[in-house]
Structure formats: C-alpha cells, structure tokens
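The structure appears below as structure tokens.
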Amino acid sequence: MKDPKIAALYKKYLLGELTPQENTIFLDLLTSSNEDELLDLDEVLALDKTDYTLDTSTSDDIFYAITGTELSPKVQPIWRRSKLLMSFAATLLLIGFAFLYLLVIKSVHTETTFTAIQYTNPTKFVKRIILRDGTHISLRQGAHVSVISDFDRDSLRRIKLSGEAFFEVAKDPHKAFVIVNSGNFDVRVLGTAFNLTCSPQRTRLVLNHGKVQVKHGEQQSIIIPGQQVDYDSRRMQFNVVAVDTVGASNWKSDLLSFSQVPLSQIVNDLNNLYPDSDLILIDSFQTKSFTGYLPASDLEKSLKILNTAFNQIIIHKK
C-alpha cells in the first residue's frame, strides 16, 4: 500500500514548497520505506497537473546530469514531456541511493555471523577461562566447552559442555545462562555457582549457591544450594539429593576427593589421569576402600599418601 505521507511530501517537493524540516523527513521516508510503499512514475507525474515545455538548454542539462552524455536530437522528444522533469530526475536519484543504501546495510548484516568459540583442556591440570560476560569456568582434564551464542546480541547466553567443569556464572537478569545439548538435561541460570559433569554415562549437577533450573523434555526441576541432581533414564525422572558441595568440586583446587571409594576404582582413576603409569593394586586390597584427598597433578605424592594410609606398598607400577 502506498504511503500517503510520501505522496503529500512528493507534491510539495515537486512544487518547491518543502521546508528544511520536511525535506529531512522526506529523505528519511525514502530510505526507510519498502518498495511497495513508494509511488510509481505515473503516480508521481499525476501529483502536479501543471504543463510546460522545457527549453533545449534545460533538457540538455538534465539529461547530461543523469546519463553523463549529451542529449541527441533523436532522444529530445522524450524530454519534452510535461512535468517538472528536473524534480523527477532528482527524485529518481534519491530513490536509487535509498535502495543502494538498504542493499549495502542488508549485505553487511547478513555477513555478520557468529562463530562458536571453543575451549578444551587437554592437560592433567585445571584450566581456568573467563567468558565475555565475566563468567568464570574451571575445566577439568579432558573437558570441552563451546560458546554457541553471541552474548552481546542474543537473548540467551548458550554454551555446550563435554566433561566436567565448575561454573561461576556472572549475573545478568536479562539474559539467562543456558547449558544445552550437553547430557540428558539442560541447565538454566541467571547467576550462580555449580559443578556440572556431562558424559555419555551420566549427567550430574551439584549446586554451591544460587538457584538453577534443570530440564529434560517437558520435565523440569528447581535445584537449591547443597543439592545434587541427575536424571534417571529408566524411571524417567530427576533424582535430587543432599550432597557435600565442597567434596564435589575439590578437583578445581587440584585435589581428587574420595569417600569410601574402593581402591580398585581409585587406581583406575589414576591410570586414566596418568595413562602411561600402568598402576597395579595388589590382590589383597581389591576390596578395601579409601576416604581422603589426593593431589590431581602429583602422582608420586598420591601413591605415597595411599601407601602410607595402609602402612605398606599396596600400589606399584607395572
């Protein structure tokens, strides 16, 4: 539908009656209107019924201004049509510049695409990163984080996680921080601290402070500080239990925490952490358990602590 404001300003423009303020409004309308809101050639000509004949000099000047060439006699009759052709020519130029401007802006906007940002921890130490919004993340060995949204422009701060990480999410009441497609449930927060493990076998969250929402399909649960949540795929429900939050995230202080954990499992964990060590637990201690802390980045010290705890060498290298 044609914009009546444009038609009214067109007519005043053709008659030379636009005030400076109206002229500015007219130019703004031309550059911001859709193509179907602009007037066709015949509609522009119909706005003013006054007829007159342009002299040769004026016709030559108009034609040269538009085409860059002199007006030939064969073309001259076209420019002897009635109307204020100079005004019409200027209007056409304005329209052309307006559409060129819109095309350039659209092209620049289309080319501005966001590329996901990747963070990986291939070391046996804790890697700490700070995201653009001020969120602090501690990545455990082998963990991987992908930032999949533009925190400045998008309505959500979205990331993906593989492995284990501790999050201290920067507060932003207008943009939730969401961890998606990272396990068997999604996590949504505004600002809080929690430990999250995402693996093919298990997804587990332990909340230190704040409040988070976890969601699996249509199911959801609100977690409060001191709670741990995971999702039971067989029962198709969330499991929420009280837990020691300090023990769950001691690894970020370079400590491995164990509470009545079988020594056989601890040895497996150490072999995973140090794949070239080939540690072996003696048979008589296969059913024994250990409670305590081990340094995550010092294998020799860990072995010394374990052997001292049982007053003999229970673990040796192959």
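Just so you know, all these numbers are worked out from the coordinates, no wet-lab data involved. Small disclaimer: the values here were computed from a predicted structure and weren't measured. Using ideal geometry, Cβ is built from the backbone for each residue, glycine included, and neighbour counts are taken over all protein chains shown.
Annotations
- Protection-proxy order for peptides 181-187, 271-277, 192-198, each taking the mean of Cβ atoms within 10 Å per residue, highest first: 192-198, 181-187, 271-277
- Taking every alpha-carbon pair under 8 Å whose residues sit at least 6 apart, segment 142-259 reaches a relative contact order of 16 percent.
- Summing Lys and Arg as +1 and Asp and Glu as -1 over all other residues whose Cβ lies under 11 Å from the Cβ of Asp172 gives a net charge of +2.
- Counted charge near Ile280, where neighbours are those whose Cβ lies closer than 13 Å (Asp, Glu -1; Lys, Arg +1): 0
- The ranking of Val178, Val241 from fewest to most other beta carbons within 10 Å of each one's beta carbon is Val241, Val178.
- log₁₀ of I(q)/I(0) at q = 0.09, 0.15, 0.19 Å⁻¹ - segment 117-248, Debye sum with one point per alpha carbon: -0.23, -0.66, -1.09
- With each label modelled as a point 7 angstrom along the Cα→C-beta vector, the Ala242-Tyr274 pair spans 3.8 nm.
- Placing +1 on each Lys and Arg Cβ and -1 on each Asp and Glu Cβ, with no other charges, gives segment 167-309 a dipole about its Cα centre of roughly 520 debye.
- Rounded to the nearest 20, the Cβ-based charge dipole of segment 246-316 about its Cα centre (Lys and Arg +1, Asp and Glu -1) stands at 260 debye.
- Charged side chains reduced to their Cβ positions (Lys and Arg at +1, Asp and Glu at -1) give segment 117-248 a dipole of some 180 debye around its Cα centre.
- Ranking Pro295, Ser259, Leu279 by how far each Cα lies toward the positive end of the dipole of segment 254-317 (charges on Cβ) leaves Ser259 at the top.
- Loop trypsin sites (Lys or Arg not before Pro), segment 233-296, which have at most 11 other Cβ atoms in a 10 Å radius of their Cβ (DSSP): Arg234, Arg235
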